[in-house]
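Below is one structure, written out as structure tokens, with a few remarks after it.
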Ligand SMILES: [Zn+2]
């Protein structure tokens with residue numbers, strides 16, 4: 001589901017098309033890439049790796065750039081027929097301003113003792129207990145993490161991924177039962193372009209990071225992908241199915257657009 005075209009029916013390509021993209025709930029930065037800007041000659045600043053999203057626009061009259069704080073990236077709006085060279089030139093021209101804006105953003109939030117982690121939209125605190133047994137587990141509003149400090153981040157990630165899988169499977173199971181369908185498999189991964197996906201063979205994929213979002217957001221993504229098991233397109237019939245499965249469509253899309261990018265900056 002692409003933010004701008006989600007209400008447009010997407011033609012289903014032939015089944016023998018190898019490069020056919022899975023249908024799914026796209027993250028809001030499908031076209032990001034890292035552009036490496038070398039430091040100007042004699043400058044003290046090191047080379048910068050600047051995340052750039054190329055945004056084609058049929059209406060734009062000229063190339064423009066802005067910094068998207070949520071995604072922590074530069075958005076280059078490209079009019080028809082504008083080449084990437086023009087975009088890169090504009091980026092170089094405003095490099096100082098761009099670097100300053102990116103530097104001012106909130107840092108990536110690492111998993112650390114005492115740090116807050118959202119679980120289904122509710123804040124939990126990471127509690128490191130080297131003497132505890134088991135990798136990581138819930139204790140009230142704490143996520144208790146056992147073992148050495150070096151493994152804490154990995155253990156919190158594994159814990160959240162397992163929680164995501166458990167919760168996604170329950171939601172997918174409920175929605176699939178209502179439609180009388182069954183996915184071939186359900187995968188939970190650290191996806192970077194889609195919150196959820198449905199492959200032509202019926203395999204569903206989800207980002208584990210959805211477990212940090214409120215439950216109704218995950219519910220919508222699960223309903224969206226399960227509905228693709230009946231309609232592998234974004235036709236009106238597809239959206240009717242989605243809305244029959246979940247009341248959270250509009251709110252969840254808005255939430256993912258506003259808060260989703262921050263989920264990618266955690267861990
Ligand atoms: Zn979709």
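The values are calculated or read from the model by the stated rules, or taken from the named source; none is laboratory data. Here the structure is a predicted model, which means the values were calculated and not measured. Here the Cβ is made from the backbone with ideal geometry for all residues, glycine too, and neighbour counts use every protein chain on show.
Taking the condition of being away from the ligand (no atom under 11 Å from the Cβ) and closer than 14 Å to residue 205 by Cβ, how many residues in the range 217-228 meet it? Final tally of qualifying residues: 2. The single condition from (1) away from the ligand (no atom under 13 Å from the Cβ); (2) touching a strand residue (DSSP E or B) at 6+ places or on another chain (Cβ under 7 Å) that residue 257 fails is (2).
A quick yes/no check of all residues on (1) farther than 29 Å from residue 111 by Cβ; (2) part of a helix (DSSP H, G or I); (3) outside the structural domain of residue 134 (by TED's automatic domain parsing):
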residue: 155; (1), (2), (3): no, yes, no
residue: 187; (1), (2), (3): no, no, no
residue: 196; (1), (2), (3): no, no, no
residue: 221; (1), (2), (3): no, yes, no
residue: 234; (1), (2), (3): yes, no, no
residue: 240; (1), (2), (3): yes, yes, no
residue: 243; (1), (2), (3): yes, yes, no
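Examine the range 76-94 for a residue that is within 23 Å of the chain's Cα centre (by Cα) and assigned to a loop (DSSP other than H, G, I, E, B), and state whether such a residue exists. No, the range 76-94 contains no residue that is within 23 Å of the chain's Cα centre (by Cα) and assigned to a loop (DSSP other than H, G, I, E, B). One residue alone among 152, 88 is surrounded by 13 or more Cβ atoms within 10 Å (Cβ to Cβ) and either modelled with pLDDT under 90 or farther than 20 Å from residue 211 by Cβ (or both), and that residue is 88. Of all the criteria given as (1) surrounded by fewer than 18 Cβ atoms within 10 Å (Cβ to Cβ); (2) within 14 Å of the ligand (Cβ to nearest atom), the one not satisfied by residue 189 is (2). Among the candidates 29, 19, the residue that is away from the ligand (no atom under 16 Å from the Cβ), surrounded by 12 or more Cβ atoms within 10 Å (Cβ to Cβ) and at pLDDT below 55 is uniquely 29. Restricting the range 239-254 to residues that are free of Cβ contacts under 8 Å to residues at least 40 places away in the same chain and crowded, with 16+ Cβ neighbours inside 10 Å, the residue that is farthest from the ligand (Cβ to nearest atom) is 248. If you go through the range 196-213 and keep only what is crowded, with 23+ Cβ neighbours inside 10 Å, within 13 Å of the ligand (Cβ to nearest atom) and either under 16 Å from residue 252 (Cα atoms) or in contact (Cβ under 8 Å) with a residue 40 or more places away in the chain (or both), you end up with 196, 197, 198, 206.
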